[in-house]
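Here the structure comes first, spelled out in structure tokens, and everything after it is commentary.
The values are calculated or read from the model by the stated rules, or taken from the named source; none is laboratory data. Please read these numbers as outputs of a predicted model, since none were measured by experiment. Reconstructed Cβ throughout: ideal geometry from the backbone, glycine too, with neighbour counts over all protein chains shown.
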């Protein structure tokens, strides 16, 4: 028994010596730095990458929490309006759905005149804001209206400072509207309208409410046309929609957005009731859409012709690859002769 205990003690001592030796070797293998400058000289780039990754992670975590607080605070202010005007708020048991760390969505259905309504909060504040102009937190409310309940047309209210930029990036505003100042609007806002009759029908519904939060408004648009230019003619009419976008104030001032939401709610019944233009204006609106459709049709046809030509050339090149060398030479000579005749004909015509 004593011999076994002695052997165990010897093994333990040997293991301790070996472990100590391994630690000494590992310690000796570690790089030693005489100063911070020496550390930065050898591992400066690696430390910069690690610091950048750490900064991104911290920004993401704090930004995600900020977005969540701001989204829930703002939505809590708007939800009473939504619940009072829609029979169903939310989807799959959740009133506020997280589409992405910076995007929150709420679906609203069950209201007369309205097909669907989808407010989206786009809360993007990332590390890129440190190096460029900051991206503002915004809320966008898109309402798809039932068709044929009011006149076609495009009408918008935008800030004067950003009106040109907004008009240029929206096909419907750029193609069909003209800018106009209105006395009933705050001096910082301007209308983009297709007809004065549309302005007279829609503006009284929203002017007072939009004026109360004019500094937050990005745009208010009533339209029967798409925001992006179509590449082909539609098989059925475009959906009629009302869109409202505004910047979000800080969470403690969330109630400032209420007048904007109330302006949109007022339009859900007000526009189908009041927006019915005269026969003359209706004819002008129809003609404007026919002209726009012609332009889209021409471009779509040109694109189709180009695609067919490219397909023909590809098939021709594939067919030429299967020809014998002699047949390829004959074909090349034939093509050159044809090209020469074409050049001669062009010169003769010019003469």
Exclusive hit being closer than 30 Å to residue 91 by Cα, at pLDDT below 95 and loosely packed, with under 14 Cβ neighbours inside 10 Å, set 148, 137: 148
Matching residues in the stretch 185-200 (part of a loop (DSSP other than H, G, I, E, B) and either closer than 16 Å to residue 275 by Cα or not assigned by TED's automatic domain parsing to the domain that holds residue 150 (or both)) number 2
Just checking, does the stretch 71-83 include any residue being exposed (fewer than 12 other Cβ atoms within 10 Å of the Cβ) and either under 35 Å from the mean Cα position of the chain (by Cα) or at pLDDT 75 or above (or both)? yes
Within the stretch 172-184, is there a residue that is out of contact with any strand residue (DSSP E or B) (no Cβ under 9 Å at 6 or more places or on another chain) and more than 27 Å from residue 294 (Cα to Cα)? yes
Selection count where residues are crowded, with 18+ Cβ neighbours inside 10 Å and either in a loop (DSSP other than H, G, I, E, B) or out of contact with any strand residue (DSSP E or B) (no Cβ under 8 Å at 6 or more places or on another chain) (or both), scope the stretch 263-280: 4
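Yes/no per residue for (1) in a helix (DSSP H, G or I); (2) outside the structural domain of residue 270 (by TED's automatic domain parsing); (3) touching a residue at least 24 places away in the same chain (Cβ under 8 Å):
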position: 147; (1), (2), (3): no, no, yes
position: 150; (1), (2), (3): no, no, yes
position: 158; (1), (2), (3): no, no, yes
position: 167; (1), (2), (3): yes, no, yes
position: 179; (1), (2), (3): no, no, no
position: 183; (1), (2), (3): no, no, no
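Could you tell me whether residue 289 is in a helix (DSSP H, G or I), over 24 Å from the mean Cα position of the chain (by Cα) and within 27 Å of residue 85 (Cα to Cα)? Walk me through it before giving the result.
Numbers: in a helix (DSSP H, G or I): yes; over 24 Å from the mean Cα position of the chain (by Cα): yes; within 27 Å of residue 85 (Cα to Cα): no.
It is false that residue 289 is in a helix (DSSP H, G or I), over 24 Å from the mean Cα position of the chain (by Cα) and within 27 Å of residue 85 (Cα to Cα).
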Residue match in the stretch 293-302 (condition: under 30 Å from residue 155 (Cα atoms), modelled with pLDDT of 75 or more and outside any helix (DSSP H, G or I)): no
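So that you can scan it fast, the table gives a plain yes or no per residue for (1) exposed (fewer than 14 other Cβ atoms within 10 Å of the Cβ); (2) farther than 17 Å from residue 257 by Cβ; (3) modelled with pLDDT of 80 or more:
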site	(1), (2), (3)
99	yes, yes, no
103	no, yes, no
113	no, yes, no
153	no, yes, yes
170	no, yes, yes
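Can residue 213 be described as modelled with pLDDT of 90 or more, out of contact with any strand residue (DSSP E or B) (no Cβ under 6 Å at 6 or more places or on another chain), under 22 Å from residue 173 (Cβ atoms) and crowded, with 19+ Cβ neighbours inside 10 Å?
On the way: modelled with pLDDT of 90 or more: yes; out of contact with any strand residue (DSSP E or B) (no Cβ under 6 Å at 6 or more places or on another chain): yes; under 22 Å from residue 173 (Cβ atoms): yes; crowded, with 19+ Cβ neighbours inside 10 Å: yes.
Criteria met by residue 213.
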